[in-house]
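Since the structure comes first, as structure tokens, the remarks are kept for the end.
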Amino acid sequence: MAKKAGITYEEIVRQVQAGDFKPIYYLMGEEAYYIDRVSDFIVQKALTEDERDFNLTILYGPQTTGEEVVNAAKRYPMMAERQVVLVREAQTLEHRDVLSYYVQKPLMSTVLILCHKNGKLDGRTKLAGDIQKAGILFESRKLYDRELPSFVSSYVRRKQLEIAPDACMILCEHVGADLNRLAGELDKLVVAVGEKKVIDSQLIQDHIGISKDFNGFELVAALAVKDVMKANRIVKYFDSNPKSFALQPVLASMFRFYTNLMIAYYAPVKSEEGIAAWLEQSVWQIRRDILPAMHHYTAMQVYNILSEIRKTDAASKGVGGQKTSDGDLLKELVFMILH
């Protein structure tokens, strides 16, 4: 999960849940999901609803300065144990370095939260060092694609539900690494699942609109075992339904799969568990796609396929001057892979 200098999102949540509040939290990084979740959770646990009227101050970076943040943080709470000062868009805060003077001797009855999205504070600065000594400097990084299934499974488990492996992969392939959107789609499924307690691919098709049979994940599965009929059915469906088909995500799924397949050839241990550990994927994924594909493709064939996927991607963006439809480009690529 999102990590920073020895502390994780989960560890911050556990500390706050236990009533251990730090005087300053600097939440930064490319992944907005964890920044939003941590800041919201701290506010929720630090103050009751009644206390927020007088003890929650929300400031916005473009409209304030470091001096104003410090002045707000130096105020004492009213009829409450603590106050919270929440600074959104802290990446645009002017005179941010002034905060360093406050952080060296912070007011312990104030919880100061700064949300710095789409970037991070230079760890070499004095301010970064002072924050690490007095509070939490947390970096929320983008998750790798291979980490998305774990995110989805954990999210669903917290709702006391389960998600089928194929449903998990279909959702991850379709949505990608936008965690706020992914969580939003999962919330829809949590409401829709009812007493079944298991989110399956049919539920995803019914409520998210992703076909359980015709998607990039199923295309990769067909290519893995060189199932010509299934692969061609999916490609034909994509070509006939351009509104439900985007070439770039499909190419990304294919490229990711064949890249992993190439890496799998070099796994020190060729067992399901060994390859799963090597690729940092689930044994289910290895058993379903990688191991069968290792019997159908040589390393040189995979190398050539990766090259063709790159060419198709370039052609789809107009490189070479040819105007070929996305459907025809995918047909040509799949034909090359299967034959």
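Rule-based calculations on the coordinates, nothing more; no lab input. All of these numbers come straight from a predicted model, not from anything done at the bench. We place every Cβ from the backbone using ideal geometry, glycine too, and count neighbours over all the protein chains shown.
With the helix formula -39500 (n - 2.57) applied to DSSP H stretches of n ≥ 4, the chain reaches a computed 222 nm mean residue ellipticity of -16000 deg cm²/dmol. With both labels modelled 7 Å from their Cα along Cα-to-Cβ, the residue 146 to residue 97 distance reads 4.1 nm. Could you tell me whether the stretch 3-139 comes out rounded, prolate or oblate from its Cα gyration tensor? Rule is a ≥ b ≥ c as square roots of the eigenvalues, rounded for a/c under 1.5, then prolate if a/b exceeds b/c, otherwise oblate. Because its axes are fairly even, with a/c under 1.5, the stretch 3-139 counts as rounded. In this calculation the C-beta distance from residue 236 to residue 161 is compared with R0 = 35 Å, giving a FRET efficiency of 0.50. Only Cα pairs under 8 Å and at least 6 apart count here; give the relative contact order of the stretch 3-139 as a rounded whole percent. In percent, rounded to a whole number, it is 37. Remark: the stretch 3-139 carries a charge dipole of roughly 440 debye about the Cα centre, counting +1 on each Lys and Arg Cβ and -1 on each Asp and Glu Cβ. A DSSP coil position with no more than 16 other Cβ atoms inside 10 Å describes the following GluC sites (Glu not before Pro) in the stretch 45-152: 81.
Go ahead and run the numbers for FRET between residue 63 and residue 10, Cβ-Cβ distance against an R0 of 30 Å, rounding to 0.05.
0.35
Take the alpha carbon gyration tensor of the stretch 194-339, find the square roots of its eigenvalues, order them as a ≥ b ≥ c, and report rounded if a/c is under 1.5; if not, report prolate when a/b exceeds b/c, else oblate. Oblate.
Among the chymotrypsin sites (Phe, Trp or Tyr not before Pro) in the stretch 184-282, those located in a DSSP loop and surrounded by at most 12 other Cβ atoms within 10 Å of their own Cβ are 266. Between the DSSP loop rule and a limit of at most 12 other Cβ atoms within 10 Å, which trypsin sites (Lys or Arg not before Pro) in the stretch 277-339 are left? Here the sparse-neighbourhood loop sites are 317, 323. List the residues of the stretch 131-146 whose backbone N lies under 18 Å from a point placed 7 Å from the Cα of residue 30 along the Cα-to-Cβ direction. From the stretch 131-146, the list is 138-146.
Among residues other than residue 205 with Cβ under 11 Å from its Cβ, the summed charge is -2 (Lys and Arg +1, Asp and Glu -1). Evaluated at q = 0.18, 0.27 Å⁻¹, the base-10 log of the normalised Debye intensity for the stretch 145-207, with identical point scatterers placed on the Cα atoms, takes the values -0.52, -1.29. For the chain, averaging the sequence separation of C-alpha pairs within contact (under 8 Å, six or more residues apart) and dividing by the residue count gives a relative contact order of 14 percent. Normalised by 2.2 N^0.38 Å, with N the number of residues, the alpha-carbon radius of gyration of the stretch 185-257 equals 1.23. Once you order the gyration tensor axes a ≥ b ≥ c over the Cα atoms, which shape class does the stretch 28-99 get: rounded for a/c under 1.5, otherwise prolate or oblate by comparing a/b with b/c? In terms of gyration-tensor shape, oblate. Electrostatic bookkeeping for residue 185 treats Lys and Arg as +1 and Asp and Glu as -1; over the other residues with beta carbon under 14 Å from its beta carbon, the sum is -1.
Work out how much length residue 280 to residue 229 would gain on full extension: take 0.36 nm times their residue separation and subtract the Cα-Cα distance, in nm to one decimal.
This chain segment gains 15.3 nm when fully extended.
Considering only DSSP beta bridges with both partners in the chain, what is the antiparallel share in %, to the nearest 5? Write out the running numbers ahead of the final one.
Numbers: 2 of 25 bridges.
Expressed as a percentage, antiparallel bridges in the chain total about 10.
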